[in-house]
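Please read the structure below before turning to the comments.
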Amino acid sequence: MKVALVGFGTVGKSVYDMLEKAEGMTPGKVLMLPEFFTDPTFQTTDYNDILNDPETEAVVECITNAKAGYEYARAALNAGKHYVSSSKAMVAVYGAELNRLAREKGVAFLFGAACGGSMPILMALSQSRQMDEVLSVSGILNGTTNYMLDAMQRKGCTYEAALKTAQELGYAEADPTADVSGADSLRKIMLACAVSYGVLPSEGLNREGIESLTAEDVNHFAARGLVCRLIAKGGRNEDGSVYACVEPVLFGKNAPESSVLDNNNLAKSVCRYNGSLVLIGQGAGGDPTASNVLRDLVNIRAAYRHYLPADCKEGTAMNDACLSRYYVRVDGQDAGLFQAEEAEQDGSVCRIVTAAMPVKKMHQLAADIRANGRKVFFAAMAE
Ligand code: HSE
């Protein structure tokens, strides 16, 4: 199978190298922006060279511009080529539409590397949806923030130093706000929900990143044997609706999540028949992500075509029924907003563990506190 590429950055280059060695595959042309074009033997600046090449069966896209990725996808699918994307930002917005187009054209649309880097979690969920029932999916789906949380707790790094190193190591997005705000994790759990339930939740989502976390918070957790991780969660409510959110979670030090170090990710699915399945692996980086792209191509060769079900559509996440106890650090004057099971005053700061409360309510209270110009950090307490 001849495979053309769109994008020749960290992931694209690794995909190209792997294509040269993979069984039954060969690299086609690589589409380059004119300013990066260097070698006419394998590069082109004209997408038509790829679209009009009858030998090119599949296009792999590894770029960050979602709108551009969508245009490349539409053109490739319309030209009857299989399309594999590693762009979570693109699939989280256009996935449902591209799934319909790919099915109409009888070609594949796969995006395994867009969720979990190296881990074949979307494939596992896609298969489970067809013969089991996915009850929930959750995990550490962002390598940058995991690296930062781990470096702050184990090495005593400041937030700023940990972020700088994560950027230098190539884990972070071009704009790391997507990582630290939880937006990147949220896109990944949106994809996991779309694959598991046929609902791509685009509204009603709750997202809290690690931007409000301080070194004092981390020291406080460590003294209590707790480890903070940024967790994406999705699942089905009892009424059949879907919930999806991202928030920091505090785990006991013996929990599997606490032993996920550096830039690693963890993805956990819970299915009715299969039970609990946990994958741990590299969540970012060229070779690990490229390996998941190649896995999609292997799947295409084995006639696997779609991760999303035929009727996949955009929907609204219903997070009202999803409850957690929360650790909350607030100014003393905001402490009364919470029903506290435990409370500890430290100067003007109050650290509370709340009674179980809806995810949606916790996120709304934090937004209200910030709208009043005051600070808050919160993390769910793992069950
Ligand atoms: N910035 C992302 C992360 C890259 O840190 O997980 C992989 O999606």
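Laid out as a table, the results:
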quantity	calculated
Sole exception among (1) of a type outside the set (Gly, Ala, Ser); (2) away from the ligand (no atom under 16 Å from the Cβ); (3) part of a helix (DSSP H, G or I) for residue 186, by number	(2)
Residue, farthest from residue 207 (Cα to Cα), within segment 250-283, restricted to residues that are away from the ligand (no atom under 16 Å from the Cβ) and open to solvent by less than 10 Å² (accessible area, probe 1.4 Å)	271
Test: residue 299 is at pLDDT 95 or above, closer than 16 Å to residue 112 by Cβ and within 16 Å of the ligand (Cβ to nearest atom)	no
Residue that is surrounded by the fewest Cβ atoms within 10 Å (Cβ to Cβ), among those in segment 151-183 that are in contact with an Asp or Glu (Cβ under 6 Å, 6 or more places away or on another chain) and in a helix (DSSP H, G or I)	178
Listing of helices (runs of 4 or more DSSP H) fully contained in segment 1-120 that carry 3 or more residues being under 30 Å from residue 139 (Cα atoms)	10-21, 66-78, 88-105
Selection count where residues are modelled with pLDDT under 95 and either open to solvent by 80 Å² or more (accessible area, probe 1.4 Å) or part of a strand (DSSP E or B) (or both), scope segment 345-363	3
Every pair of residues 6+ apart whose Cβ atoms lie under 7 Å, when the first sits in segment 71-92 and is at negative phi while the second is modelled with pLDDT under 95 and not in a helix (DSSP H, G or I)	87/64; 89/64
Test: residue in segment 139-147 that is more than 20 Å from residue 244 (Cβ to Cβ), among the aromatic types (Phe, Trp, Tyr) and open to solvent by less than 10 Å² (accessible area, probe 1.4 Å)	no
Segment 50-66: number of residues that are over 18 Å from residue 296 (Cβ atoms), open to solvent by less than 80 Å² (accessible area, probe 1.4 Å) and over 28 Å from the mean Cα position of the chain (by Cα)	2
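The values are calculated or read from the model by the stated rules, or taken from the named source; none is laboratory data. Since the structure is predicted, the reported quantities are computational estimates derived from the model, not experimental observations. Virtual Cβ from ideal backbone geometry, glycine too; neighbours counted across all protein chains shown. Accessible surface is based on the protein model in full, side chains and every heavy atom, while ligands, DNA and RNA are left aside. Shrake-Rupley method; radii C 1.70, N 1.55, O 1.52, S 1.80 Å.
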